[in-house]
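Visitor: Following this message is one structure expressed as structure tokens.
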């Protein structure tokens, strides 16, 4: 049966499959890119079979995807960190809600560490919406060991990480930290750390230690 299906039909099936996959994605930016690929394939399919409605409608969908992707990559967003106080009730609800997701990226995360007085923790606000949580502890050599750097699924487009480890680097320099360090044993987290400028420092059992120096930025510099 399938041997008799033409390559044009396979193109249509593939485009349909990609569109469906895009709708299952929680990340808006990934949804737009994958949906754009599916729309482009459907547009090509419509053109090749001579169907103007299929070609035109998917060309419009593709244009909409391009418009929103352009906005995502060029629009200036407002980021801010908000310190988390001990006993914060909202944090408890946040950690409980995203517990499985957090355990996936940070298998060794201790959900009681937020009560430790040595823990540095804050919310990452993106356009005044809680987009993630950062937690770390100070080591003896003056580094900040990242316990958790978690972004909610809708905001996993690396902008939060770029803000924490790039634009907001002076915040940590002001607190006296010399470098970031993070232990990980998940491939996705390792890829993220490398993208954020971390370098592999050591391997221990099934874990890897990544380090990123904190530049001594003049906090009064404009």
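The values are calculated or read from the model by the stated rules, or taken from the named source; none is laboratory data. Just so we're clear, the structure is a prediction, and the values are computed from it rather than from any experiment. Cβ atoms come from the backbone with ideal geometry, glycine included; neighbour counts cover every protein chain shown.
Visitor: Against the condition touching a helix residue (DSSP H, G or I) at 6+ places or on another chain (Cβ under 6 Å), under 22 Å from residue 151 (Cα atoms) and surrounded by 15 or more Cβ atoms within 10 Å (Cβ to Cβ), how does residue 22 come out, does it pass?
Guide: The answer is yes for residue 22.
Visitor: Which numbered condition in (1) assigned to a strand (DSSP E or B); (2) surrounded by 18 or more Cβ atoms within 10 Å (Cβ to Cβ) is the only one that residue 193 fails?
Guide: Among (1) assigned to a strand (DSSP E or B); (2) surrounded by 18 or more Cβ atoms within 10 Å (Cβ to Cβ), the lone unmet condition for residue 193 is (1).
Residue by residue, here is whether (1) free of Cβ contacts under 8 Å to residues at least 24 places away in the same chain; (2) surrounded by fewer than 16 Cβ atoms within 10 Å (Cβ to Cβ); (3) over 28 Å from residue 33 (Cα atoms); (4) in contact with a strand residue (DSSP E or B) (Cβ under 9 Å, 6 or more places away or on another chain) holds:
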position	(1), (2), (3), (4)
131	no, no, no, yes
134	no, no, no, yes
151	no, no, no, yes
159	no, no, no, yes
186	no, yes, no, no
189	no, no, no, yes
199	yes, yes, yes, yes
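Visitor: Now for a separate question. Restricting the search to region 141-175, which residues are within 21 Å of residue 80 (Cβ to Cβ) and over 17 Å from the mean Cα position of the chain (by Cα)?
Guide: 144, 169, 170, 171, 172, 173, 174, 175
Visitor: Find all pairs meeting these conditions: Cβ atoms under 6 angstrom apart; at least six residues apart or on different chains; first residue within region 69-91 and under 18 Å from residue 33 (Cβ atoms); second residue surrounded by 13 or more Cβ atoms within 10 Å (Cβ to Cβ) and modelled with pLDDT of 85 or more.
Guide: 69/32
Visitor: Could we say that residue 45 is at negative phi, buried (at least 18 other Cβ atoms within 10 Å of the Cβ) and touching a helix residue (DSSP H, G or I) at 6+ places or on another chain (Cβ under 9 Å) here?
Guide: Against the criterion (at negative phi, buried (at least 18 other Cβ atoms within 10 Å of the Cβ) and touching a helix residue (DSSP H, G or I) at 6+ places or on another chain (Cβ under 9 Å)), residue 45 qualifies.
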